Amino acid sequence: MPDLVLDYANCLSDRIGDEGLDPAHLEASLSAVAEHGEELDAMRAAGETAYRDLPFDPARSAHTKAIRRLVDDCAGTYDTLIVLGIGGSALGNIALQNALNPVTYNLLPDGIRPGPRLFVVDNVDPMLLGDILDFAETVDPGLSRTLVNVISKSGETAETAAQFITMRDVLINSLGDNAHRNIIAITDPSRGTMRSIVDAEGYRNLPVPDGVGGRFSVLSPVGLFSAAMCGIDIEALLDGAASMDAPCSRRDMTSNPAAMLAFLLIEFTKRGKPNHVLMPYCNALYSLADWYRQIWAESLGKQVDRQGNEVFAGATPIKALGTTDQHSQVQLYREGPNDKVIGFVDVRKLPRDLTIPTGLDVENLKYLQGVSFTTLLAAEKRATEYALVESKRPNFTITFPTLDAYYVGQFIALWEIATSYAGLMLNINAYDQPAVELGKQATFGLMGRPGYEEFNTKVADTLGPSDRVIPRNG
Ligand code: PA5
């Protein structure tokens, strides 16, 4: 099978002059990148990058067998699946569904849809959960055909806990003693608050594997269960991810797409281009750009390096959509500050095409007639690439041979491994998220959780009354 292709020619000085990287500099950096490869291998051997083992046995068989058993157990029983989770416990689920099922999936009639309708509730906006709940109760008044999949490694996350408590209550009110049958939990296999609830209430459950952090967990039961429920080929996803492992382990950066991606983006960050846009030319891949935003931001945005020195490392990931954002963001990308790297994602052969009909006798629009949409899409992407190069804006392209589960698996593995390389290049810990903790603790304090009272005072002191508001007496 051909692989995803990374084309980085538009990042080099022979295309974009001084704004690009000198090819000689790439050559000079080869040995340093090879050393990062060795360190990454050592980390893998020490179990510090457990996400990389997910597409391989024994982890793979253990998880896919358990998932398949549960999916078979649920077959024909549910028309609606509501996933409750946030961050790494939701973004992958959304990305897989949007990439690999049609945009109309939820609207397809029962019997034609390959699985239940899927809603992923990844916020505590009451309109979101409320509207989905109203819908579920309308199409399934007793909720017997509605399955809730709560995903939380810790079980402590306030957003997911609030959603879970609400949905559990709704199910108990509808189904009484059978409510537990309509809840499937994905959580830590041995510890944590959600694990205790699972054990006490007897939910069917799957593990968040040990050592796999939220944002690296999409190829574990976290992302794969809902995907399999909705008819996505999870074996192909894992095959694709597995096939990316060897290329991304090569010591030579010029044949290692993950190392090259990380090197380019980190080099540009150091040279005043810390804004990294990912711009698929395919609506189905747009949610994968959201998934990328999390893995790149939360993994690399760190105050201190691995020795504890203050470094304020990181880059700002941005998502955009071609062609839509050609009429919005591209003005900024070409003429605004030259502080970005634009990563295009395109698909050589989309699974479907449409031809623009002939027959409209308008001279100015004849060039479009009889032409396929994919030809137009490809021309628009190439034209934008050209326009960016003309403005000396670095950009690269990742090309999918076609859009299917295998290549989505490759794409996920590529960015996960690139994130690991980038962490080493920045000399930071890519696997923790200490800055997220303070906001979580302050929320606990504001919500009255025992043990966190001090944050109530701290928040009040920091955000005390102010007259810097407009209108002042409004
Ligand atoms: O990447 C991460 O670690 C986070 O985004 C977590 O996935 C998120 O905070 C949810 O955590 P949990 O699964 O414990 O509820």
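Just so it is clear, none of the values below were taken in a lab; they were calculated from the coordinates. Keep in mind that what you see is a predicted model, and the values were worked out from it rather than measured. Backbone-built Cβ (ideal geometry, glycine too); neighbour counts: all protein chains shown.
Put in line by how crowded their Cβ is, counting other Cβ atoms within 10 Å and starting with the fewest, 36, 63, 180, 327 read 327, 180, 36, 63. May I ask which residue of 107, 213, 87 lies farthest towards the positive end of the charge dipole of region 52-235, with charges of +1 (Lys, Arg) and -1 (Asp, Glu) on Cβ and the Cα centre as origin? Checked the options; the winner is 213. Legend: ranking of residues 458, 273, 65 from fewest to most surrounding C-beta atoms inside 10 Å; resulting order 65, 458, 273. Taking the convex hull of the alpha carbon positions in region 52-235 and averaging its projected area over all directions gives 9.6 nm². Charging the Cβ of each Asp and Glu at -1 and of each Lys and Arg at +1, and nothing else, the dipole of region 87-166 about its Cα centre rounds to 320 debye. Put simply, the convex hull of the Cα atoms in the chain casts, on average, a shadow of 28.1 nm². The separation of region 446-474 from region 134-185, counted between C-alpha centres, amounts to 33 Å.
Close amide H contacts of residue 276 (hydrogens built in the peptide plane, cut-off under 5 Å, sequence separation of 5 or more or a different chain): 316, 318, 341. Dipole check for region 182-266: with +1 at the C-beta of Lys and Arg, -1 at the C-beta of Asp and Glu, and the Cα centre as origin, the magnitude is about 240 Debye.
For residue 210 and residue 334, a Förster radius of 60 Å and the Cβ-Cβ distance give a FRET efficiency of 0.80, rounded to the nearest 0.05.
Between amide H atoms placed 1.01 Å from N, distances below 5 Å from residue 372 occur with 356, all of them 5 or more places distant or on a separate chain. Among 156, 235, 363, the order by Cβ neighbours within 10 angstrom, fewest to most, reads 363, 156, 235.
Across region 79-162, the convex hull enclosing all Cα atoms gives 98 Å³ per residue.
Computed from phi, the 3J(HN,Hα) profile of region 211-221 under the Karplus parametrisation 6.51, -1.76, 1.60 (θ = phi - 60°) reads x, 9, x, x, 6, 9, 9, 4, 8, 9, x Hz, with x in place of Gly and Pro. Applying both filters, DSSP loop and at most 16 other Cβ atoms within 10 Å, to the GluC sites (Glu not before Pro) of region 1-96 gives 48. Only the Cβ atoms of Lys and Arg (+1) and of Asp and Glu (-1) were treated as charged; on that basis the dipole of the chain about its Cα centre amounts to roughly 240 debye.
Among the listed pairs 302/392; 65/153; 153/319; 270/381; 340/458, a Cα-Cα separation exceeding 32 Å is found for 340/458. Partners of residue 440 within straight-line reach, counting aspartates and glutamates whose Cα lies under 19 Å from its Cα and excluding those fewer than 8 residues away in the same chain: 122, 125, 156, 159, 298, 432, 453, 454, 461. Along region 448-459 the Karplus relation, 6.51 cos²θ - 1.76 cosθ + 1.60 evaluated at θ = phi - 60°, assigns HN-Hα couplings of x, 6, x, x, 10, 4, 4, 6, 4, 5, 4, 5 Hz to successive residues, with x for each Gly and Pro.
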